[in-house]
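The structure appears right after this line, and notes come after that.
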Amino acid sequence: MDTVLAPLLWLVSYIMMGWHWVFAELLGINHDGVNWALSIIGLVIVIRTLLIPLFVRQIRSQRKMQLLQPQLRELQKKYKGDRERLQQEMMKLYKKTGTNPFASCLPILLQAPFLFSLFRVLDGIARDRPRGAFPNHEDLFESAGRAEVFGAKLADSFLTTDVMQTRVLAMIMVVGMVVSQYVTQRQIMRKNMPKEALEGPFAQQQKILLYVLPLVFLFSGVYFPLGTVLYWLTSNFWTMGQQLYVIRRMPAPGSDAEKAQQRRQAEKARRKGLTVADPEEKPEVEPGQENGEARRQQPKRTSRSQRKKKRR
Amino acid sequence: MTKLIVAVLKLYRLVVSQLYGQTCRYYPSCSAYALGAVETHRAVRGSWLALRRLARCHPWCAGGVDLVPTTDNYLWWGRAAGTDGEDEPSAGHRQPESISAIPACRGA
């Protein structure tokens, strides 16, 4: 496995060493733990920055999608109650007009090998087995082995340590991951989805999510070294920030976020002494009527008896 | 084997898909496609179809409707008939001549 990953192990460890150099030599921070923790955060910044072009692409096609609103609304009317068919027709429209708002899972999949490489490098540090670029830099390897934040070693994991601090820190980070993921999800739901989309089976899914999510993060927080958890946590926060930016700048039609945006724009226009643009003019959508295509497709609320009637 | 893969896929859809919401550029999403493919075509062919779909799905693809082919329409390479979600199996122009020419392969 490590032979396949060798280039990535090198890349990850070199990026970390680069950041370590910045903090230790350039800024002169004389603390192994802080330096290495910051270099892991730096690694997240490098990788997520590289993924920004993909993100920008997604935003662009979401902007273009605003123009498709009338057509989308028509489809929604036509295939009311037939969620499957509606999704199909929407996908066809996206394809035809080249405005697919989804990024595919590649950006997420791409990050997995990096996370795993970081895990291997940190695991190597914990077991005194230098991996990646570390065999050639013994002093750095030793420094990384000493790296402690609040008395918890970055290369240790909850399961491999007896130190209380490591366990406490791991649990704090698990809570941090759950909270950040939850906030991101909530932001999408509350602010960037019309009210109709928040009812029905969707609410049920969210409940499942609430129970499953902490379990997934608990597992990772217990099993992975602190440094890896730190990477994941930082990455989560990055996603949260990115999401907030999108919701502010490109709200889904008919959502609360859109109303807030219109209010801000009107405010700005007023301050500049210009005539206030008619908010009805831009997206001719009645608030709360539109579905949040830019986010997830959610079914319109249908009661059990309604669905039964339709089937007959 | 088929049952195992189906179970893993269902678990994945319960956990991971929930985490990220809809990100797939295709309908059905890759994991739903994989589930359907393995259920209709069994482990080997189903996994092969799912792998090909995953490779197709990237930020530069057009996306759109891409259904699991029926067992009669299965092709080991290239796009099978009737997978573009049109009511009529009119995917003829995308099909190699030899296959769309056979009536039995069309509406199945």
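Rule-based calculations on the coordinates, nothing more; no lab input. Bear in mind that the values here come from a model prediction, so they are computed numbers and not experimental data. Neighbour counts are summed over all protein chains in view; Cβ atoms, including those assigned to glycine, are modelled from backbone coordinates with ideal geometry.
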Taking a ≥ b ≥ c as the square roots of the eigenvalues of the Cα gyration tensor, with a/c under 1.5 meaning rounded and otherwise prolate when a/b exceeds b/c and oblate if not, segment A:1-66 is oblate
At a Förster radius of 22 Å, what calculated FRET efficiency corresponds to the Cβ-Cβ distance of B:Glu86 and B:Tyr20, to the nearest 0.05? 0.15
Most exposed to least, judged by fewest other Cβ atoms within 10 Å, B:Met1, A:Met90, A:Met240 sort to B:Met1, A:Met240, A:Met90
For segment A:22-115 the trypsin sites (Lys or Arg not before Pro) that pass both the DSSP coil test and the at-most-14 other-Cβ-within-10 Å test are A:Lys80
Taking 7 Å along the Cα-to-C-beta vector as the label spot, tell me the A:Arg60-B:Trp77 distance in nanometres, rounded to one decimal. 3.3 nm
